[in-house]
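Note sheet for the following structure.
The values are calculated or read from the model by the stated rules, or taken from the named source; none is laboratory data. Quantities reported herein were computed from a predicted structural model and do not represent experimental measurements. Neighbour counts run over all protein chains shown; Cβ positions are idealised from the backbone, glycine included.
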Amino acid sequence: MDLSSEEYARHAHRLADWIAAYLRDVGDYDVLPSVHPGAIRAQLPKSPPAAAESLDDIIADIDRIVMPGATHWNHPGFLAYFANTASVPGILGEMITAALNLNGMLWRTSPVATELEQVVTDWLRQLFGMGEGWFGMITDTASVSTMYALAAARERDPALGIRQRGMAGRGDLPRLRVYCSEHAHSSVDKAAMTLGLGLENVVHVASDDAFRLRPEMLTRAIHADRAQGFRPMAVVATAGTTSMTSVDPIEEIAAICQRESLWLHVDAAYGGSALAVPEMRPLFSGLGRADSLVVNPHKWLFTPMDCSVLFTRQPKVLRRAFSLVPEYLTTTEGDDALNYMDYGLQLGRRFRALKLWMVVRAFGADGIAERIRAHCALAQRFAELVRAEGEGWSVCAPVPFSTVCFRHVPAGETDEDEIASHNATIMARVNESGEVFISHTKLGEQYVLRVAIGNLRTTSATLDRAWELLRQAAH
């Protein structure tokens, strides 16, 4: 009752050529679409078709409707947020994943999905120079990985009885507290909302001049909370903050967590990929003492969306937080088989390991490190262009990885609102060019622009053009 394999073959060959041309020519597109909200919906029927439509007509609408509304993350000029790449081996892996349509909820439901995930996450552990004893699992995003880590942190003390009794209406349960930098990702707050901890119980600790969490302020906050009868539960250290990619002092934070018996989760969703470069590992000193870690291969390991890897040295605690096996999911393999459904909320699980496995094999450890080094070198080169220009241009934060924060201040201007408006105008003019796409953030009261390099197709020529557009837009 499906379409025939012959029809699949005809259209698949056509789409393979289409994808090859797209990857070759992606730089010719405007990186941002010139559409207004609702424009795409207006082109689509309000109801589904009653009669079948031909694949020829459907595929024709890719160029007619889909492409004009696409922001091209594969574009070499995509320098906003954290740039990424859907690489050739990753795309091929996605094709096979879709065709196989495996569900890896249990070992039995797809042994290869489970065991390849075990292997490829352990490959990443070795690629990152991490020691033995880490358990890895693939989720969709770092937001979910961090939520799982904090769920495990909450479960570490079973005497709290949260698994059975919950948190609502319990006067015997102290307020559980989570600590992170003031520059930590919003996923920490969202996890607290989702887990019932509450936004009020996420303590954002002050940072230093390099935007890193201050350990002495963390200690002070923990002691103040204990004095009020609160229950410190976990600390989230960030290795590559979203705004400026700063790295919290993990070693010092780990010592505090050990002394205070707190779970330490490290959010390295972006920066963690740099662990593949041996000379960059000192930035992550103390990582081996963490209880959990998240790295997103779909950010800087050239793997198509979505693919996040959660590592933990406490897999039994993670399992205890989530394992629930109804009769219809019981199996006879026992402890010889790993069932990933026991380690998270999801039952159905895509075969994400395949594309990651293909990417690691296609580039190799040395090739991955070489590409990340190249991106970091491009970022340093761009930062030097900004510094050398003078005339109101400045780099506003350290550049430990491949992201540069900078801004332009007109001569004699001191009002931060006016400076912010000026830089927002620069960003808008640059993005309207269609050649590059940059983003912004705020560092304290400063509105700054961001260039994030992470796409395999970005070159020094791309950045030279971005800099030319920025200089033109500032005047």
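Below, the figures for the structure above:
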quantity: Options Ile253, Ile222: the member that is within 27 Å of Leu127 (Cβ to Cβ), of a type in the set (Val, Ile, Thr) and not in a strand (DSSP E or B); calculated: Ile253
quantity: Qualifying position, being assigned to a loop (DSSP other than H, G, I, E, B), among the charged types (D, E, K, R) and exposed (fewer than 15 other Cβ atoms within 10 Å of the Cβ), among Arg41, Arg14, Arg10, Arg108; calculated: Arg108
quantity: Condition check for Val235: crowded, with 18+ Cβ neighbours inside 10 Å, in the same structural domain as Arg175 (by TED's automatic domain parsing) and touching a residue at least 60 places away in the same chain (Cβ under 8 Å); calculated: no
quantity: Subset of the stretch 264-286 [without any contact (Cβ under 8 Å) to a residue 60 or more places away in the chain, under 10 Å from Ile250 (Cα atoms) and assigned to a helix (DSSP H, G or I)]; calculated: Phe284
quantity: Single match in Ser261, Ser187 (criterion: among the small types (Gly, Ala, Ser) and either closer than 29 Å to Val404 by Cβ or under 19 Å from the mean Cα position of the chain (by Cα) (or both)); calculated: Ser187
quantity: Qualifying position, being surrounded by fewer than 18 Cβ atoms within 10 Å (Cβ to Cβ), of a type in the set (Lys, Arg), in contact with a helix residue (DSSP H, G or I) (Cβ under 9 Å, 6 or more places away or on another chain) and outside any loop (DSSP other than H, G, I, E, B), among Arg387, Arg320; calculated: Arg320
quantity: Set Tyr328, Tyr340: member being of a type in the set (Phe, Trp, Tyr) and either buried (at least 19 other Cβ atoms within 10 Å of the Cβ) or under 19 Å from the mean Cα position of the chain (by Cα) (or both); calculated: Tyr340
quantity: Complete set of residues in the stretch 247-289 that are among the aromatic types (Phe, Trp, Tyr) and either within 20 Å of Val144 (Cα to Cα) or at pLDDT below 95 (or both); calculated: Trp263, Tyr270
quantity: Residue count, the stretch 71-85 (criterion: surrounded by fewer than 22 Cβ atoms within 10 Å (Cβ to Cβ) and not polar (S, T, N, Q)); calculated: 4
quantity: Among the residues listed as Phe351, Phe311, the single one being of a type outside the set (D, E, K, R), over 30 Å from Val205 (Cβ atoms) and surrounded by 23 or more Cβ atoms within 10 Å (Cβ to Cβ); calculated: Phe351
quantity: Criterion (surrounded by 19 or more Cβ atoms within 10 Å (Cβ to Cβ) and under 29 Å from Met305 (Cα atoms)) met by exactly one of Ile419, Ile453; calculated: Ile453
quantity: Residue that is out of contact with any Cys (no Cβ under 6 Å at 6 or more places or on another chain), at pLDDT below 95 and polar (S, T, N, Q), where the choices are Ser323, Ser308, Ser292; calculated: Ser323
quantity: Residue within the stretch 29-46 that is free of Cβ contacts under 8 Å to residues at least 40 places away in the same chain and among the acidic types (Asp, Glu) present; calculated: no
quantity: Selection count, the stretch 176-188, where residues are outside any strand (DSSP E or B) and crowded, with 18+ Cβ neighbours inside 10 Å; calculated: 5
quantity: Which listed residue is outside the structural domain of Leu275 (by TED's automatic domain parsing), buried (at least 20 other Cβ atoms within 10 Å of the Cβ) and closer than 17 Å to Ser273 by Cβ, from Phe382, Phe401, Phe437, Phe406; calculated: Phe401
quantity: Test: Met193 is without any contact (Cβ under 8 Å) to a residue 40 or more places away in the chain and not charged (D, E, K, R); calculated: yes
